[in-house]
Amino acid sequence: MAENTLRSLDLERFFAPTSVALIGASETEGSPAAGMTRFMLKWASQAANPAIYLVNPNRDSIAGLPCYKTMDDVPIAVDVCAILVNDVRPAVEAAIRNRARYAIVFGNGFAESGEQGRQSQAALEQLVRASETRLFGPNTVLNAFDVRDTGLLADQKGIGLVTQSGHQGRPVFQTQENGTAVAFWATTGNEADVEFADLARFYADRPEVGVISAYVEGFHDGRTMLQAADHALGTHTPIVLIKVGRTSAGSAMALSHTGKLTGADGVAQGAFRQTGVIRVDDIDELIEVSQMLVRAKPPQADGVCLYSISGGTGAHLADVCASAGLRLPRLSDETQRQLHEWIPETLDVANPVDSGGHPTGDARGIKILETLVQDPDVAVLICAITGATPPMSDRFAEDLVRVAETTDKPVCVIWSSPSGTESAYRDVLLGSHRLITFRNFRNCARAVAEYLNYYQFASQYESPYGMELDDRHGGSHRSEATEMLRDKGSLTEHEAKGLLSNYGIPVTREFVATSADDALHAAEMLGFPLVMKGVRSDILHKSELGLVRTNVQDLEAVRRTFDDLVSILAGIPGDDSTAGVLLSEQVRGGVEMIVGVVSDPVFGPAVMVGLGGVTAELFKDVQFRVPPFTRHEARRMVMDLRSSPLLLGYRGTPPADLDALLDVIMGFQDMAVDLEGVVAEVEANPVFVTEHGALAADAVVVRAGGSATTTDAA
């Protein structure tokens, strides 16, 4: 498996430095450097007496503090050096000479700006790689030194926030105003050196961090991201993130913003899925899912109870929660009996629970809430307040806070008033560190679902790191594959299947004929019916070129088909030295799947599985995982497919041999790891999965950097 390259940085010295230097400190009104200088001086005045060194050759002092002419004049090695000048490289070199622990590059014009900028950033990377100084940015800001409300951390764990865009992190940082603590915030910009994975590991190891929240445009290295997520699972620290790049427009903007390759979004989604990373769609979801995870203790069940003062509200909320995948169990008979002591018998209390309104405004309200959280099948209580009508809503809010303080079960409230200025909301609900408050049904349901799903996933997770390759194929076949692909962009189908066989992947019985007599002899050995294909190493997929014939039934048809295929091959430009006619057993029945390996620029080789055959590109029902992953994860990968019911036996068809398909997937994982850098793409389509096994009936292997005549879907 890939070497674990996750770093362990002493980021405590970054977030709580005892000394800071500002290269390019300024007080020129209107300049960005002056704004950053004022910002850092304000932080220093509120921090634990850090030493501040201002560096500007053109000034003797700024804001009453002396200025040093150069960084070389600063008398100590500083913890943090903020670089505010446009001429970045000499300033970074000066920070390195100073032996600064960390440098922050504020300036832009690097990888986000084109080829020249990419070269400039590569030069910075080379500089810091050979030094003891770690670099944030370039193209970043100093949000790590925003003054946090540390008093909130006395009562709760906080968010460990990492964003590549400072502006996108601001709303999360502002959640402190609503009572949710932020333990740390770092902006990473282009990530020439310090990356998401470094911060995620640091946050996961900090006792004051309850959740890692992030806005990501692209990962410096997808595999260190996976290792960081694996490490966070080991400390039971959830990761919630926005990852842009779902669309071509989002990918293009990310590249111009931070210079990141966003990579194939399907691969990124698979990487998140296999490591329990929660991907959300917008800032509101990032805030509210993070809030749920940072405040709620691990669940003891998976049932959700809905409570409101209106039957209509309960019905609406039930639909939203069911769409989010939440289970709404029927409350126990004893719970319902107790509830009807305070709620009229005419109202339904099975779940959702409708109080009718009046009991909520008096002493009955707290008794109802206490009874609901005591039901053993209830993991989470959700209360919807769609009408902020004092004094009833005020009493309801006070009772919710009281109950939340006395139970380990999360109590969630949805305050639907559009103004959000009511005292019951601002002073009572948001004043509680235990109650979890939302503003709409959808975000609440999503947050509760992600909370329950995370803990279910974490309870079953087994780290794949350290997992050995399956040696059923007899070890590495890297040198053999390299030799097979020498001087050509891809393999013939027969050669590709031979390579798959090396990794324990079953393939169809077949022969390659270069003459009609060879074809007839092969047909007699294989038996009928047959599949016949015209093959050549520079032709990947053959269907639309008329090079695939199925259901060949007799020797006369073999001879006729052979002549037709040879004629078609002769008319296709290219090197015909590898041309031939492949005769193969024809597989009947089963489910046609596609299994393959793709090379992602961010995550490296990834394994793909999906619904196969000629409709593979039409339906695009595929899932990805990035090695290493376990057999259990391979099964989850298959079950994530929309078409997975076909494998389980659909409308009277026998269930397919799922274990055989998993064997194929694990063989492809072995191949992906073994042949990284040798192959760019491997595809078996279709893989017939029957009730008695799995068999690859076609295969494509493309050399890294190789090409072929056609890449249409077979």
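Assorted remarks:
- Wholly enclosed helices (runs of 4 or more DSSP H) of segment 242-334 bearing at least 1 residues at pLDDT 95 or above and crowded, with 22+ Cβ neighbours inside 10 Å: 265-274, 283-295, 311-323
- Matching residues in segment 355-366 - criterion: being in a helix (DSSP H, G or I) and surrounded by fewer than 15 Cβ atoms within 10 Å (Cβ to Cβ): HIS358
- Any hit, segment 106-113, residues being within 26 Å of MET225 (Cβ to Cβ), in contact with a Lys or Arg (Cβ under 6 Å, 6 or more places away or on another chain) and of a type in the set (Gly, Ala, Ser): yes
- Elements of type helices (runs of 4 or more DSSP H) in segment 1-98, at least 1 residues being among the aromatic types (Phe, Trp, Tyr): 12-15, 32-46
- Number of positions in segment 534-574 that are in contact with a Phe, Trp or Tyr (Cβ under 8 Å, 6 or more places away or on another chain) and either aromatic (Phe, Trp, Tyr) or crowded, with 17+ Cβ neighbours inside 10 Å (or both): 1
- Options PRO50, PRO32; residue that is more than 16 Å from GLY107 (Cα to Cα) and out of contact with any Leu (no Cβ under 7 Å at 6 or more places or on another chain): PRO50
- THR346 being in the same structural domain as ILE414 (by TED's automatic domain parsing), touching a helix residue (DSSP H, G or I) at 6+ places or on another chain (Cβ under 7 Å) and either loosely packed, with under 14 Cβ neighbours inside 10 Å or modelled with pLDDT of 95 or more (or both): no
Yes or no, residue by residue, for (1) part of a loop (DSSP other than H, G, I, E, B); (2) at pLDDT 95 or above:
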| position | (1), (2) |
| --- | --- |
| LEU469 | yes, no |
| SER476 | yes, no |
| GLU480 | no, no |
| ARG486 | yes, no |
| LYS497 | no, yes |
| VAL531 | no, yes |
| ILE539 | yes, no |
| ASN551 | no, yes |
| GLU556 | no, yes |
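- Pairs, first acidic (Asp, Glu) in segment 346-361, second part of a loop (DSSP other than H, G, I, E, B), C-beta under 7 Å, six or more apart: ASP354/SER310; ASP354/LEU347; ASP354/ASP348
- As a summary of the residue check, ILE572 satisfies the conditions (1) closer than 24 Å to LYS488 by Cβ; (2) outside any loop (DSSP other than H, G, I, E, B); (3) of a type in the set (A, V, I, L, M, F, W, C) except for the one numbered (2).
For every residue, the table says whether it meets (1) among the aromatic types (Phe, Trp, Tyr); (2) surrounded by fewer than 21 Cβ atoms within 10 Å (Cβ to Cβ).
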{"position": "PRO645", "(1), (2)": "no, yes"}
{"position": "TYR650", "(1), (2)": "yes, yes"}
{"position": "LEU661", "(1), (2)": "no, no"}
{"position": "GLY667", "(1), (2)": "no, no"}
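- Once segment 440-467 is narrowed to residues that are on the phi < 0 side of the Ramachandran plot and assigned to a loop (DSSP other than H, G, I, E, B), the residue that is modelled with the lowest pLDDT is MET467.
- Taking the criterion of being in the same structural domain as GLU405 (by TED's automatic domain parsing) and hydroxyl-bearing (Ser, Thr, Tyr), the residues of segment 415-472 that qualify are SER416, SER417, SER419, THR421, SER423, TYR425, SER432, THR437.
- Selection within segment 378-397 - surrounded by fewer than 21 Cβ atoms within 10 Å (Cβ to Cβ), closer than 24 Å to ARG442 by Cβ and touching a residue at least 60 places away in the same chain (Cβ under 8 Å): THR386, GLY387
- Taken together, the residues in segment 398-411 that are under 15 Å from PRO359 (Cβ atoms) and surrounded by 18 or more Cβ atoms within 10 Å (Cβ to Cβ) amount to 3.
- Complete set of residues in segment 335-354 that are part of a loop (DSSP other than H, G, I, E, B) and farther than 14 Å from ILE382 by Cβ: HIS340, GLU341, TRP342, ILE343, PRO344, GLU345, THR346, LEU347, ASP348, VAL349, ALA350
- For segment 70-96, a tally of residues being of a type outside the set (Gly, Ala, Ser) and crowded, with 20+ Cβ neighbours inside 10 Å returns 10.
- Count of segment 193-228 residues which are hydrophobic (A, V, I, L, M, F, W, C) and surrounded by fewer than 24 Cβ atoms within 10 Å (Cβ to Cβ): 1
- Count of residues meeting criterion [in contact with a His (Cβ under 9 Å, 6 or more places away or on another chain) and among the hydroxyl-bearing types (Ser, Thr, Tyr)] in segment 135-177: 1
Each row is one residue, and each column tells you yes or no for (1) in contact with a helix residue (DSSP H, G or I) (Cβ under 6 Å, 6 or more places away or on another chain); (2) under 21 Å from ALA122 (Cα atoms).
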site: PHE145; (1), (2): yes, no
site: GLN164; (1), (2): yes, yes
site: GLU177; (1), (2): no, no
site: ARG201; (1), (2): yes, no
site: THR237; (1), (2): yes, no
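- For segment 647-686, a residue qualifies if it is assigned to a loop (DSSP other than H, G, I, E, B) and of a type in the set (Phe, Trp, Tyr), and exactly one does: TYR650.
- Output for segment 615-630, where each listed residue is farther than 21 Å from GLY222 by Cα and crowded, with 16+ Cβ neighbours inside 10 Å: ALA616, ASP621
- Within segment 97-123, if we keep just the residues that are at pLDDT 95 or above and surrounded by 19 or more Cβ atoms within 10 Å (Cβ to Cβ), the residue that is nearest to VAL78 (Cα to Cα) turns out to be ALA100.
- For segment 588-609, the set of residues classified as surrounded by fewer than 18 Cβ atoms within 10 Å (Cβ to Cβ) and not charged (D, E, K, R) consists of GLY589, PRO601, listed by residue number.
- Test: ARG426 is among the basic types (Lys, Arg), touching an Asp or Glu at 6+ places or on another chain (Cβ under 8 Å), at pLDDT below 95 and over 24 Å from ARG327 (Cα atoms): no
- Residue count for segment 588-641 under the criterion of being outside any loop (DSSP other than H, G, I, E, B), more than 18 Å from THR275 (Cα to Cα) and among the basic types (Lys, Arg): the result is 0.
The values are calculated or read from the model by the stated rules, or taken from the named source; none is laboratory data. This is a predicted model, so every value here is computed, not measured. Cβ: placed from backbone, ideal geometry, glycine included. Neighbour counts: every protein chain shown.
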